[in-house]
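Inspection log for the structure reproduced underneath, given as structure tokens.
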Amino acid sequence: MRFYRPLLDIKAISFDLDDTLYNNQPVMERTEKQVTYFLHQHYPELRRFQVNDFRTLRIQLREKEPTIYHDVSYWRWRSLYLLLLKYGYSEREAKQGATNAMKVFHQWRSNIDIPQKTHDILLQLARRFPLIAITNGNVDPAKCNLINYFQFVLFAGPDGRAKPFGDMFLTAASRLKIAPKHILHVGDDLISDVAGAIQHGLQACWINTHQVDALNNQTTNVLPHIEISHLASLYRLL
Ligand SMILES: [Mg+2]
């Protein structure tokens, strides 16, 4: 644990989800493979299409519609819809296909083995603090057995713009009825979690799982209050 700024009294803790409470990369890889398999099975025109083609299409869509990333589920649905149109399917088929592919996506996306250590620390912390979660992603915390630790979960899209924008941080403070400065936000991303939280008056705990040197890192524009390498370090705040 490393301290960069003095901590104020903590009255609530907010958690990022992806790559903070579990390793999201294998989850997304598995999920995208399953969606591709579904598309290959049901849409023969897409038989040569691969996951990377889809990633390119998503990037192109974001270039055309720069704010679409605030709602990752809609962004993905639209990309699937455009993909099906591109391969010659009708508008009706493309809409239905995108909706069906998203059902497959959601089924796999929240199929996550949450580490026991994560359950242990959340259980301990939930006895001391109100806990909430703020995510830019679209995992379903109920499906992966995380929901019971949190008083509520805010999602970019339905609950406002993605972090580092302040929408969800400020909504969290007002719903908790706790001043932002007494909320500690814990997350893995130096921009969306650390800079976002601090710019909107919260305290920030950076979980540095990849041993990045924050002081010599180009993406650091704001230092967190504290840096930890494992969630278990939060026990020291108890
Ligand atoms: Mg994250």
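The values are calculated or read from the model by the stated rules, or taken from the named source; none is laboratory data. Model, not experiment: these values are computed from the prediction. So basically every Cβ, Gly included, is an ideal-geometry build from the backbone, and we count neighbours across all protein chains shown.
General observations
Residues checked against (1) of a type in the set (S, T, N, Q); (2) more than 25 Å from the chain's Cα centre (by Cα); (3) more than 16 Å from the ligand (Cβ to nearest atom); (4) within 30 Å of L84 (Cα to Cα):
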site: M1; (1), (2), (3), (4): no, no, yes, no
site: R5; (1), (2), (3), (4): no, yes, yes, no
site: D19; (1), (2), (3), (4): no, no, no, no
site: Y22; (1), (2), (3), (4): no, no, no, no
site: Q25; (1), (2), (3), (4): yes, no, no, yes
site: F38; (1), (2), (3), (4): no, no, yes, yes
site: H42; (1), (2), (3), (4): no, yes, yes, yes
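- Condition met for I13 (in contact with a Phe, Trp or Tyr (Cβ under 6 Å, 6 or more places away or on another chain), in the same structural domain as F150 (by TED's automatic domain parsing) and either surrounded by fewer than 19 Cβ atoms within 10 Å (Cβ to Cβ) or within 30 Å of L170 (Cα to Cα) (or both)): yes
- Subset of the range 77-108 [charged (D, E, K, R) and within 11 Å of V35 (Cα to Cα)]: K103
- Under the condition of being within 13 Å of the ligand (Cβ to nearest atom) and either more than 15 Å from F15 (Cα to Cα) or of a type in the set (D, E, K, R) (or both), the residues counted in the range 210-238 number 1.
- Qualifying residues in the range 166-204 (those that are assigned to a loop (DSSP other than H, G, I, E, B) and more than 15 Å from the ligand (Cβ to nearest atom)) - the one surrounded by the most Cβ atoms within 10 Å (Cβ to Cβ): L202
- Among residues of the range 166-178 that are under 12 Å from A133 (Cα atoms), those with a beta-carbon under 8 Å from a residue that is of a type in the set (A, V, I, L, M) and part of a helix (DSSP H, G or I) at least six positions away or on a different chain give the pairs F169/A197.
- Tally, over the range 44-58, of residues that are under 18 Å from the mean Cα position of the chain (by Cα) and among the aliphatic types (A, V, I, L, M): 0
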